[in-house]
Each structure stands twice: as C-alpha cells, then as structure tokens.
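A.B. asks: Handing you a structure now.
The values are calculated or read from the model by the stated rules, or taken from the named source; none is laboratory data. This is a predicted model, so every value here is computed, not measured. Here Cβ is always computed from backbone atoms with ideal geometry, including for glycine, and neighbour counts include all displayed protein chains. Only protein heavy atoms, including side chains, enter the accessible area calculation; ligands, DNA and RNA are left aside. Shrake-Rupley method; radii C 1.70, N 1.55, O 1.52, S 1.80 Å.
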Amino acid sequence: MSHKSASRRMFLRAMGAGFAALPFSRLLENSVAQAAGETLPLKFITIYHPHGLSAEYWAMKSGDTESAFDITYPNCSLQPFDDAATYGKSFKDKLLVVEGLDLLSSANGHDTAGTILTGSRIEGGTKPQNISLDQYLAVTKGLGSSTRVTSLSLGVGNDGTAAGLTLSYGEGGVALPKIIDPTKAFDLLFDGVVVGTDPAALAAAERKRRLSQSVIDYQKWDIKRLHDKLAPPEQQKLDQHLTSLAELEKQLGGGMAGRPVCTVPGRPDPTKFPNLKQYNGGEPYFDAITDAHLDVLAQALACDLTRFATVFMNDLSYANNPLGLPQDNHGSVAHTYNASSIGMNGQPGDGTPDTWLPLAKFNHYVYAKVARLMQKLDALGALDSTLIYVTSDMGNPALHSTRNVPTVLAGGAGGKFRMGRRIKLKKDCSGDSPWCGENDTTFQPVSNSKLLVSIAQAFGQDVEKFGTQPDPAKVTGALSELA
C-alpha cells in the first residue's frame, strides 16, 4: 500500500475508523488533499473513433490563432467542447487540438489502431512490435499498481484483438482483451468494493473471494506446468495470462486492503443493450453501450479504482440511427468523403461539399461523448487530474491515409500541458508537392511517437523514445509544441 501524505493521514484520523464505510470517502479524501495543495495522481484515458475526420469542419480556420480560435461555427465537429448550454460549462480551456500528426503504421488505415499507443509499425499487418503506452505506464512503470484495476480496456461492439481493433498491448506487442459489456466492466471495477457491515453480506463476500482465489491458484499452476514445454512465442502469451491472473488476485485481495471505500454507483441496466456484438444485432445499442462504458469509467477514475483506460468506439451503422446517416457509415460516409485541399494535405481541389457534412456529423457525435465524459469527471472533481487522448486510425478516410490524424487532448492533464490551444504542425513535405512518399527524402512527418514521449514525460518518466520505426529519429524526442 502506498504511503499517504500528512494531510490525508490527518483527515483519516479525524474521521475515525468508521470512515471506510462512508459514501464517497475516496472523493472526500482527495478533496481534502487537493485543498491542502496536493496534486492528485494523473489519470490517462485514450479514446479511439473510426473513420478519420472531415477536415473542412475540424481544421483551423483563417484568422484562428493558437489561443484564439472558434469551434462554434455551423457544423464544426469540435463544437461540443464549447457548449455550455448542453454540458453546463465550456471545456474549451481544457482542450488542446493538434493538427498534422501522422501514424507511421506501414499498414492499411483500417489496420492502424495498433500504432496509436505503441508508435510502432504493424508487424506483418497483424501486430505492433512493442508495448502500448498505457501498459508501459500502468504495468511496466507500476503507476497503476496501487489501484484496484491496473488498467482497463473497453470496446463497443467488437472484442477482437487484431491490430485494427484494439489499442492496448503488453510486452512484445501482445494484444490485450477488451470488455464490451458495461455490466462486466462495472463488476470488474466495483464488485466487492463496498459490502456494508451486515455479517451475512461480509461472509458471502469472503466465500466468493476464496472460491475465486482457488480457481486462480489452479490456473497459475497449470500455466507454469505448461510454460517450459512451449516455444518462446507461446511462452510470451502464457506470461501475459499470468500477468492477468496477478491482476485478478489484486482485485480479490490486498489491492484494496486498508483503503477507504467508494460508494458503488448504479449497475448498468443490461436491458438497454440486449445485444452487444457488431454484425449480430448489437448496432442499435452501441450508443447506449458507449454511454454506459463512459459513465462507469468516470466514476471509477473519480474513486481511484483505476488510472489508465482505453475505449475503442464504434460507428452507428444501422438503419434509422440518431444521426440520420446512411446505414453503412463506412461505405456511404467515410469512403464517399471527397475532401477539399484542407483534407488533402494541401493538394489543390474543391472536393464535394455534400460529402463533408455526414462525416462531420459522426465526428461531432464522438466529441459529444467526450464532452459528456468531461462533464461527469468535472462534477466528480477528477477532470483536472485527467488527460484524455482522442484520435482515429486515419486522417482522410477515403484515401485510408494515416497522415494528419485527428488528435485531441482534453482535460486538465494535471497542469502538465498548456490547454485551451490549437497547434498546427509543420508540413510533412518540403517544396510544392504535398504527396511526397515515405521513401522521398523530403518526407518529414511528425510521428505520434513524439506525442507518446510527451505523455510519458507528463507522468514523470525519463523517456526520450517510444515506438519502433526504421528511422530512430521518428520515435525520438517529445512534441515540443506541447510545452
């Protein structure tokens, strides 16, 4: 158990032994510590959305500056961040928009999500070559060890772990599973956290804990028995399973020992999403699933049950969806997007304006979910100590381009970054052509690895490189514009 500061210890002594049974005790403790001048632990959420962006309703406008910019003009997809009427306040001062960042995945745009947090090329089109940043911080560096759940990986509609379907990877690029059922995410985070003082309830909880521990003990024995008989790649997978079992043991045992508890919020109502999976009738429930995931996540971060999470969003590809988009968001929205020069990295052309708005509507939908999450974190006192990284696997989706991916940082970020800004990075290509290729000496991309280095440094890590690319310079150094 981590050592508490003097202000926290004084507060706990003043409240007495019964404090552990009080509702929102973790929030009260954090509030007292914050009032005493302490900085709350920094938390990190990464949110993925499909289909890239409609740059015409996202990019900086003529006349915008780094600190003076408009996101409330008609159809601007970033508008939810400056919508006090809907979210109770504007979050524009908690926003940092980065334009011009590239994902160097060496893969088709749809297979590139695996690069977002790894900064790695997709090896053989199937997996990145190194650990993702969330896992590096939470597991390798131990920043998630003091919370009940070291890290959390959530998904909407698809529990696949291919390179284009997930964000979190262990050592060696081993994909980690996602939870697509909000009730299971709730149970993982909150089950057993508060059992009250009723002797029968306490005894039932202890029986459940012991039964689960006995199952884990058997699985650990079985994995260790098989380990030495397998080839190194299979051994690596078994090692990942052992890490997962250790995570379960922490949730069952000492991971919460001696800590104040937090009131358990209402469990998500499973009748609101009777089907969960894509292509299996789950699509009409994706909106409700997304809300439920984010609600559980906000409360979990506020209660300090976890500090690291990824959320893999989905589109709304079903008839009569709330955005009024075609049933096939992919083929009839993303692929039909015909960009102007703004979305073509400077290549001249007018594009087809009628194709911009449908994609912008979906981008707006994504940012509205993020603004809703920020509203909840703010109400719980956790927004200022949270960094939210929102992005996609593509920039121009019709081209499957991994250049100029939409990059939004949100939250207070613990004061590590100057928020309330828009940043436009230098052009990838020198000269007149915006289409220099990777083998062209004039191609000078700003890799997302530089953003990952900056985030690692914000968490106090002495990191100058993150990711795996043929040219080490592309994964070295922080994104200086964030300073």
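A.B. asks: When Gly349 is evaluated against the numbered criteria (1) in contact with a Ser or Thr (Cβ under 6 Å, 6 or more places away or on another chain); (2) in a loop (DSSP other than H, G, I, E, B); (3) open to solvent by less than 20 Å² (accessible area, probe 1.4 Å), which criterion, by number, is the only one it fails?
C.D. replies: (3)
A.B. asks: What's the number of the condition Ile423 fails, among (1) assigned to a strand (DSSP E or B); (2) surrounded by 24 or more Cβ atoms within 10 Å (Cβ to Cβ)?
C.D. replies: It fails just one condition, (2).
A.B. asks: Give me the pairs: first residue in the stretch 134-152 and over 17 Å from Ala298 (Cβ atoms), second residue basic (Lys, Arg), beta-carbon distance under 6 Å, and six or more apart or on different chains, which are they?
C.D. replies: Gly144/Arg307
A.B. asks: Same structure, new question: If you scan the stretch 327-346, which residues turn out to be open to solvent by less than 50 Å² (accessible area, probe 1.4 Å) and either without any contact (Cβ under 8 Å) to a residue 60 or more places away in the chain or aromatic (Phe, Trp, Tyr) (or both)?
C.D. replies: Matches in the stretch 327-346: Gly331, Tyr337, Ser341.
A.B. asks: What tally of residues in the stretch 83-98 results from selecting those that are more than 29 Å from Asp428 (Cβ to Cβ) and either of a type in the set (D, E, K, R) or surrounded by fewer than 23 Cβ atoms within 10 Å (Cβ to Cβ) (or both)?
C.D. replies: Looking only at that region, the number is 9.
A.B. asks: Still on this structure: Filter the stretch 267-302 for residues that are without any contact (Cβ under 8 Å) to a residue 60 or more places away in the chain and either in a loop (DSSP other than H, G, I, E, B) or within 15 Å of the chain's Cα centre (by Cα) (or both) and give the result.
C.D. replies: Asp269, Pro274, Asn275, Tyr279, Asn280, Gly281
A.B. asks: Can you tell me how many residues in the stretch 121-156 are closer than 18 Å to Thr391 by Cα and either in contact with a helix residue (DSSP H, G or I) (Cβ under 6 Å, 6 or more places away or on another chain) or open to solvent by 30 Å² or more (accessible area, probe 1.4 Å) (or both)?
C.D. replies: 6
A.B. asks: Would you call Leu101 closer than 15 Å to Ser449 by Cα and either open to solvent by less than 10 Å² (accessible area, probe 1.4 Å) or among the hydrophobic types (A, V, I, L, M, F, W, C) (or both)?
C.D. replies: yes
A.B. asks: Kindly evaluate Thr115 against the criterion of being at pLDDT 95 or above, within 24 Å of Ala473 (Cβ to Cβ) and either buried (at least 22 other Cβ atoms within 10 Å of the Cβ) or more than 22 Å from the chain's Cα centre (by Cα) (or both).
C.D. replies: When the stated conditions are applied, Thr115 passes them.
A.B. asks: Right, another one. Return the residues of the stretch 378-401 that are over 19 Å from Asp295 (Cβ atoms) and in a loop (DSSP other than H, G, I, E, B); say none if nothing qualifies.
C.D. replies: Matches in the stretch 378-401: Ser392, Asp393, Met394, Gly395, Asn396, His400, Ser401.
A.B. asks: Further question: Answer yes or no: is there a residue in the stretch 435-448 that is of a type outside the set (Ser, Thr, Tyr), assigned to a loop (DSSP other than H, G, I, E, B), closer than 18 Å to Pro406 by Cβ and out of contact with any His (no Cβ under 8 Å at 6 or more places or on another chain).
C.D. replies: Looking for residues that are of a type outside the set (Ser, Thr, Tyr), assigned to a loop (DSSP other than H, G, I, E, B), closer than 18 Å to Pro406 by Cβ and out of contact with any His (no Cβ under 8 Å at 6 or more places or on another chain), one finds at least one in the stretch 435-448, hence yes.
A.B. asks: Of the residues Val333, Val370, Val311, which single one is under 29 Å from Lys43 (Cα atoms) and touching a helix residue (DSSP H, G or I) at 6+ places or on another chain (Cβ under 7 Å)?
C.D. replies: Being under 29 Å from Lys43 (Cα atoms) and touching a helix residue (DSSP H, G or I) at 6+ places or on another chain (Cβ under 7 Å) holds for just one of Val333, Val370, Val311, which is Val311.
A.B. asks: Sticking with this structure for a sec: Specify which of the listed residues (Ser433, Ser480, Ser449) is of a type in the set (S, T, N, Q) and in contact with a strand residue (DSSP E or B) (Cβ under 9 Å, 6 or more places away or on another chain).
C.D. replies: Going through Ser433, Ser480, Ser449 in turn, just one is of a type in the set (S, T, N, Q) and in contact with a strand residue (DSSP E or B) (Cβ under 9 Å, 6 or more places away or on another chain): Ser449.
A.B. asks: Right, something else. Which residues, taken from the stretch 352-367, are open to solvent by less than 50 Å² (accessible area, probe 1.4 Å) and more than 15 Å from the chain's Cα centre (by Cα)?
C.D. replies: The answer is Thr355, Trp356, Pro358, Leu359, Ala360, Phe362, Asn363, Tyr365.
A.B. asks: Continuing with this model, one more query. Does the stretch 64-73 contain at least one residue that is of a type in the set (A, V, I, L, M) and closer than 15 Å to Thr402 by Cβ?
C.D. replies: no
A.B. asks: Continuing with this model, one more query. Only one of these conditions is not met by Asn404: (1) assigned to a helix (DSSP H, G or I); (2) surrounded by 20 or more Cβ atoms within 10 Å (Cβ to Cβ); (3) on the phi > 0 side of the Ramachandran plot. Which number is it?
C.D. replies: Against the list (1) assigned to a helix (DSSP H, G or I); (2) surrounded by 20 or more Cβ atoms within 10 Å (Cβ to Cβ); (3) on the phi > 0 side of the Ramachandran plot, Asn404 comes up short only on (1).
A.B. asks: Does the stretch 458-477 hold any residues that are in contact with a strand residue (DSSP E or B) (Cβ under 9 Å, 6 or more places away or on another chain), assigned to a loop (DSSP other than H, G, I, E, B) and buried (at least 18 other Cβ atoms within 10 Å of the Cβ), and which are they?
C.D. replies: Listed by number, the residues that qualify are Phe459, Phe466, Gly467, Gln469.
A.B. asks: Please enumerate the residues belonging to the stretch 285-318 that are over 26 Å from Gly395 (Cα atoms) and open to solvent by 40 Å² or more (accessible area, probe 1.4 Å).
C.D. replies: Result: Tyr285, Asp295.
A.B. asks: Is it true that some residue in the stretch 374-392 is under 23 Å from Ala113 (Cα atoms), open to solvent by less than 30 Å² (accessible area, probe 1.4 Å), β-branched (Val, Ile, Thr) and out of contact with any helix residue (DSSP H, G or I) (no Cβ under 8 Å at 6 or more places or on another chain)?
C.D. replies: No: the stretch 374-392 contains no residue that is under 23 Å from Ala113 (Cα atoms), open to solvent by less than 30 Å² (accessible area, probe 1.4 Å), β-branched (Val, Ile, Thr) and out of contact with any helix residue (DSSP H, G or I) (no Cβ under 8 Å at 6 or more places or on another chain).
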